[in-house]
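Visitor: One structure follows; several queries about it will come next.
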Amino acid sequence: MRAALITSAGLLAACTAQDQVSRAAQVPFAPSYEGIETRLLDNDLVAFHVKMRGARGDQDVTDYAECAAAQYTLIRGFGFARHLRTKTAEVSGLWQADAIYTISAAIPAGLRTIDAEVTVENCKSNGIPTV
């Protein structure tokens, strides 16, 4: 019985994830970028709060926050950032992300690093605004 419950739960989770991907593919992408707030928490620690409408899901608003972080990194004279965390939420069609990054001149340790120049260029080519 226990094995059947675990298998059922696994199948339900797989169906739910597949349904979300299918719905995201059906939603037309019509983004409206509603602003970026930046807070310097420490010399190399920065928080970004971004808002947008028309997102297909949390990845779109997460990408917006990353674009803001990349441009801010360049503005501060650094070349790299490391993603620490992003929290996303959607209420009545308004998507928000609260993201925290460290910025540095050299490639930081960790797996979630970004090259700010490359990321800003990608953001521009994808029509995502930066700071």
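The values are calculated or read from the model by the stated rules, or taken from the named source; none is laboratory data. All values reported here derive from a predicted model rather than from experimental measurement. Cβ atoms come from the backbone with ideal geometry, glycine included; neighbour counts cover every protein chain shown. Note: areas computed on protein heavy atoms with side chains; ligands, DNA, RNA excluded. Shrake-Rupley method; radii C 1.70, N 1.55, O 1.52, S 1.80 Å.
Okay, residues lined up against (1) surrounded by fewer than 16 Cβ atoms within 10 Å (Cβ to Cβ); (2) touching a Gly at 6+ places or on another chain (Cβ under 7 Å); (3) modelled with pLDDT of 95 or more; (4) not in a strand (DSSP E or B):
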site: Ile36; (1), (2), (3), (4): no, no, yes, no
site: Leu40; (1), (2), (3), (4): yes, no, yes, no
site: Cys67; (1), (2), (3), (4): no, no, yes, yes
site: Phe78; (1), (2), (3), (4): no, no, yes, yes
site: His83; (1), (2), (3), (4): no, no, yes, no
site: Thr88; (1), (2), (3), (4): no, no, yes, no
site: Ala99; (1), (2), (3), (4): no, no, yes, no
site: Gly110; (1), (2), (3), (4): yes, no, no, yes
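Visitor: Looking only at the range 45-65, which residues are β-branched (Val, Ile, Thr) and either assigned to a helix (DSSP H, G or I) or open to solvent by 30 Å² or more (accessible area, probe 1.4 Å) (or both)?
Guide: Val61, Thr62
Visitor: Tell me, yes or no, whether the range 88-98 has at least one residue that is aromatic (Phe, Trp, Tyr), touching a residue at least 60 places away in the same chain (Cβ under 8 Å) and within 15 Å of Tyr33 (Cα to Cα).
Guide: No, the range 88-98 contains no residue that is aromatic (Phe, Trp, Tyr), touching a residue at least 60 places away in the same chain (Cβ under 8 Å) and within 15 Å of Tyr33 (Cα to Cα).
For (1) farther than 21 Å from Asn126 by Cα; (2) in contact (Cβ under 8 Å) with a residue 12 or more places away in the chain, each residue gets a yes or a no:
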| position | (1), (2) |
| --- | --- |
| Arg39 | yes, no |
| Ala47 | yes, yes |
| Arg53 | no, yes |
| Val61 | no, yes |
| Ala70 | no, yes |
| Thr86 | no, yes |
